[in-house]
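*Asks:* Sharing a structure with you now.
The values are calculated or read from the model by the stated rules, or taken from the named source; none is laboratory data. Keep in mind the model is a prediction, meaning the values are calculated, not measured. No Cβ is skipped: glycine too gets one built from the backbone with ideal geometry, and neighbour counts run over all protein chains shown.
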């Protein structure tokens, strides 16, 4: 018996070192972020100024709201391709009710966010009831949402927006130099998501369902409910981001800004949340968002740069960052079992 | 046999992982036309040695001598090019491709035009299979054949790619007894007729005694002994493996006086079973035995709401489930289910305590589960079933198979159920771990729970059951009391 004990304690030591390695891995995106910030602060004088740092936060706020919802979805191992269309649809519904129908706030905003949540829920039901992969159900939902937006707006842009949307998108708290409301909304979204995922039973179910769906079912978790809830949460976040985005632009356009979807998924995955589910979280998403923001903003701050090169450079840096993440996570190393 | 030089020899192999020594001064040799078995408990170093043999690990101390030359394998591919082929426990087959395609995977014969030469491929595959005594249609997808045939296909693929030395890792763990027989015959055939040399790794000592010429026993990363199979016995092997004598018998049955039926299955029919009637009393272990595909595993799943049934009733302690119930309902009514697949039911990367608290997280932690509360719930049950090491924070994937199984069982006693349904509780475990897991089940029985042990291993069912129910092709064919003189052969004859 003593010999087996010796072996198991050895095994245990080995595991402890892998735990240490694992925590080093999760820091890889943080190193990427620090390296980018160091680079841009050396390459550009204006980058580190408080006003510019504040700019970065404003620039990533919409993305952050979407990213909070996307984190739930990716953690369950699903994906939501409909968020960009949700952003558009919410703006149109709000503006249509407010401008064309003359319904006072807060009803247009509540209705718009409600519709986005409902559509997310429907994607979830399609995924769980009819076993349509979320990749397809949310893609179809994306067309439904953008189609509704085009139909309702008849292709026209609304240039008048409600006071609620204006407040969310361009208001400030505490005078003209105060905090931007949209940054606060984004921070709240991330905070609430963080608390839910880290500390609630629901959060645990999200992680466990993503890590091993059949295992979660065998432990009595209603995984269908979890998948559906994650997509509904993402729909809700899409709705909130829609209001914020509309307020920021000062108009509601029927055209879908496709980059929202790619940028959101990109930022969340870049932070280290796995596309396969079960690994990652809001802290990772925050780091991913900051990497994204730093890169976009930093390139704008380098005067000598050919503006037509920016997208190319962004792509190259993203690819590099993903490879580094993967190298550190040991995933590219051949599995030894 | 020992007068000729060995075809393969390992001398003084030492392999360390960080501070952990997995193998120390291990010697191993293999002669042409010999089957040399490798046995030992989980964690004894078998897998490490196998990975060195097959070229997965190439950093170690010691000598690897093949055909009298010192070599160091660069990779499994390098190993194969030198004639060392590996057949893994989990087969490397493509179920959707045809048998012939699987046999020629990656080296299909081509026609002059450069397209796949189907005719030659099918013909050669058919001939080679026939030489081994298998007459099957090689054009059908492999998935249409039972696991035993899939394994033969894999063996043939490895042989046709030039392997003189075959390393077989637990080749029979998922096979039915008839398939095991055929595989043993195949291995013996390969050795004597085809002059292949075979390294055979298995937990099943009966099998080892039948196929092996010599047996090497590893314990704690060292050689314990290498013995001729004809000069040893199963009992001797067990004591060599364990380093101590095996526990004589498991605790005996408790004499329950008042009968109380906890689980009652009436006329249950579904996709994989028909008209099943079964009662389970408090303080009783019923063994549900059948071959793979007999429907007993699906029946167990149906009890837990995870396999659809069309008619009949399932009653737990007086409560009858509706036809469409979920695992959640089953748990609420006091059912605990341990699946035959630990990989499917456990969260290997997650901490032990999280694996344990998941089914009853609501009871344990309420809306906001706290780390302290969860560990306080997990630690006592881990101690109760003796998980080694008893560290609630370690990922469950770091435990040995037996200890993982204990975790899979322990998760249900944080909030005690009435009935345990345990599928294949001891698959792939060494003797010591098996006994430990089985005595946990016996303890449950003695405490008055009802336990249903669902298994395709006759030993497991015979070891713990008060009553044995035999299933075959979806139907219950026999039910007998386990009085102690019941033999494995008797049980297998019933099917």
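*Asks:* Suppose we keep only residues that are in contact with a strand residue (DSSP E or B) (Cβ under 6 Å, 6 or more places away or on another chain) and crowded, with 20+ Cβ neighbours inside 10 Å within the stretch B:412-437. Which one would you say is farthest from residue B:468 (Cα to Cα)?
*Replies:* Let us first name the residues in the stretch B:412-437 that are in contact with a strand residue (DSSP E or B) (Cβ under 6 Å, 6 or more places away or on another chain), namely B:412, B:417-424.
Those still in the list that are crowded, with 20+ Cβ neighbours inside 10 Å too: B:412, B:417, B:419-424.
Numbers: B:412: 24, B:417: 22, B:419: 17, B:420: 16, B:421: 14, B:422: 14, B:423: 14, B:424: 14 Å.
If we take residues in the stretch B:412-437 being in contact with a strand residue (DSSP E or B) (Cβ under 6 Å, 6 or more places away or on another chain) and crowded, with 20+ Cβ neighbours inside 10 Å, then B:412 is farthest from residue B:468 (Cα to Cα).
*Asks:* Another one. Taking the stretch B:26-50 only, how many residues are part of a strand (DSSP E or B) and either more than 29 Å from the chain's Cα centre (by Cα) or crowded, with 20+ Cβ neighbours inside 10 Å (or both)?
*Replies:* 8
*Asks:* Output the residues belonging to the stretch B:306-329 that are touching a strand residue (DSSP E or B) at 6+ places or on another chain (Cβ under 7 Å), in contact (Cβ under 8 Å) with a residue 24 or more places away in the chain and within 21 Å of residue A:224 (Cα to Cα).
*Replies:* Listed by number, the residues that qualify are B:307, B:308, B:309.
*Asks:* Quick one: would you say residue A:38 is away from chain B (no Cβ under 14 Å), surrounded by fewer than 16 Cβ atoms within 10 Å (Cβ to Cβ) and modelled with pLDDT of 90 or more?
*Replies:* Spelling it out, residue A:38 is indeed away from chain B (no Cβ under 14 Å), surrounded by fewer than 16 Cβ atoms within 10 Å (Cβ to Cβ) and modelled with pLDDT of 90 or more.
*Asks:* Which ranges mark the helices (runs of 4 or more DSSP H) fully within the stretch A:131-217 that have 3 or more residues being modelled with pLDDT of 90 or more and within 14 Å of chain B (Cβ to nearest Cβ)?
*Replies:* Correct list: A:181-199, A:201-211.
*Asks:* From A:144, A:83, grab the single residue that is in contact with a helix residue (DSSP H, G or I) (Cβ under 6 Å, 6 or more places away or on another chain) and at negative phi. Steps first, please.
*Replies:* Details: A:144 fails: in contact with a helix residue (DSSP H, G or I) (Cβ under 6 Å, 6 or more places away or on another chain).
Matching residue, one of A:144, A:83: A:83.
*Asks:* Looking only at residues in the stretch B:298-313 that are buried (at least 19 other Cβ atoms within 10 Å of the Cβ) and in contact with a helix residue (DSSP H, G or I) (Cβ under 6 Å, 6 or more places away or on another chain), which one is nearest to residue B:449 (Cα to Cα)?
*Replies:* Going through the qualifying residues, I end up with B:304.
*Asks:* Just checking, which of B:369, B:389 is facing chain A (nearest Cβ under 9 Å) and either part of a helix (DSSP H, G or I) or farther than 30 Å from residue B:464 by Cα (or both)?
*Replies:* Numbers: B:389 fails: either part of a helix (DSSP H, G or I) or farther than 30 Å from residue B:464 by Cα (or both).
Answer to the selection: B:369.
*Asks:* May I pose another question? How many residues are at positive phi and either out of contact with any helix residue (DSSP H, G or I) (no Cβ under 6 Å at 6 or more places or on another chain) or not in a loop (DSSP other than H, G, I, E, B) (or both) when one looks only at the stretch B:51-63? Don't jump to the end; show me each part of the working.
*Replies:* Going residue by residue through the stretch B:51-63, those that are at positive phi are B:55, B:62.
Still in the running and either out of contact with any helix residue (DSSP H, G or I) (no Cβ under 6 Å at 6 or more places or on another chain) or not in a loop (DSSP other than H, G, I, E, B) (or both): B:62.
Of the residues in the stretch B:51-63, 1 are at positive phi and either out of contact with any helix residue (DSSP H, G or I) (no Cβ under 6 Å at 6 or more places or on another chain) or not in a loop (DSSP other than H, G, I, E, B) (or both).
*Asks:* Report, ordered by the first and then the second residue, all pairs with beta carbons closer than 7 Å, sequence separation of six or more or different chains, a first member in the stretch B:113-140 that is more than 24 Å from residue B:190 (Cα to Cα), and a second member that is at pLDDT below 90.
*Replies:* B:116/B:108; B:116/B:110; B:117/B:109; B:117/B:110; B:117/B:111
*Asks:* Looking only at the stretch A:218-235, filter to residues that are more than 14 Å from chain B (Cβ to nearest Cβ) and surrounded by fewer than 24 Cβ atoms within 10 Å (Cβ to Cβ); which one of those is nearest to residue B:363 (Cα to Cα)?
*Replies:* Within the stretch A:218-235, the match that is nearest to residue B:363 (Cα to Cα) is A:229.
Every residue, every condition in (1) crowded, with 17+ Cβ neighbours inside 10 Å; (2) under 18 Å from residue B:172 (Cα atoms); (3) at pLDDT 85 or above, yes or no:
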position	(1), (2), (3)
B:116	no, no, yes
B:127	no, no, yes
B:131	no, no, no
B:141	no, no, yes
B:148	yes, yes, no
B:156	yes, yes, yes
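Conditions tested, residue by residue: (1) within 26 Å of residue B:351 (Cβ to Cβ); (2) not in a loop (DSSP other than H, G, I, E, B).
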site: A:240; (1), (2): no, yes
site: A:247; (1), (2): no, yes
site: A:254; (1), (2): no, no
site: A:257; (1), (2): no, no
site: A:266; (1), (2): no, yes
site: A:285; (1), (2): yes, yes
site: A:312; (1), (2): no, yes
site: A:318; (1), (2): no, yes
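*Asks:* What number of residues within the stretch B:64-73 are without any contact (Cβ under 8 Å) to a residue 60 or more places away in the chain and not in a strand (DSSP E or B)?
*Replies:* Residues meeting the conditions: 2.
*Asks:* If a residue counts only when it is under 25 Å from the mean Cα position of the chain (by Cα), which helices (runs of 4 or more DSSP H) contained entirely in the stretch B:82-197 have at least 2 such residues? Can you show your working first?
*Replies:* Working: elements: B:99-103, B:118-131, B:147-160, B:177-192.
Counting at least 2 such residues, we get B:99-103, B:147-160, B:177-192.
*Asks:* Ok, one more. Select from the stretch A:65-77 the residues that are closer than 21 Å to residue A:277 by Cβ and crowded, with 24+ Cβ neighbours inside 10 Å and list them in ascending order.
*Replies:* Across the stretch A:65-77, the qualifying residues are A:66, A:67, A:68, A:69, A:70, A:71, A:72, A:73, A:74, A:75, A:76.
Yes/no matrix, rows are residues, columns are (1) away from chain A (no Cβ under 14 Å); (2) touching a residue at least 40 places away in the same chain (Cβ under 8 Å):
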{"residue": "B:8", "(1), (2)": "yes, yes"}
{"residue": "B:20", "(1), (2)": "no, no"}
{"residue": "B:44", "(1), (2)": "no, yes"}
{"residue": "B:53", "(1), (2)": "yes, yes"}
{"residue": "B:62", "(1), (2)": "yes, yes"}
{"residue": "B:75", "(1), (2)": "no, no"}
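*Asks:* Still on this structure, please answer the following. Given the options B:409, B:364, B:440, B:356, name the one that is in contact with a strand residue (DSSP E or B) (Cβ under 7 Å, 6 or more places away or on another chain), touching a residue at least 24 places away in the same chain (Cβ under 8 Å) and either part of a helix (DSSP H, G or I) or away from chain A (no Cβ under 12 Å) (or both).
*Replies:* B:409
*Asks:* Only one of these is in contact (Cβ under 8 Å) with a residue 12 or more places away in the chain and under 27 Å from the mean Cα position of the chain (by Cα): A:156, A:180. Name it.
*Replies:* A:180
*Asks:* When you look at residue A:102, is it at pLDDT 85 or above and over 19 Å from the mean Cα position of the chain (by Cα), yes or no?
*Replies:* yes
*Asks:* So, residue B:170, is that one modelled with pLDDT under 85, in contact with a strand residue (DSSP E or B) (Cβ under 7 Å, 6 or more places away or on another chain) and in the same structural domain as residue B:237 (by TED's automatic domain parsing) or not? Give the derivation first.
*Replies:* Details: modelled with pLDDT under 85: yes; in contact with a strand residue (DSSP E or B) (Cβ under 7 Å, 6 or more places away or on another chain): yes; in the same structural domain as residue B:237 (by TED's automatic domain parsing): yes.
So residue B:170 fits the description; yes.
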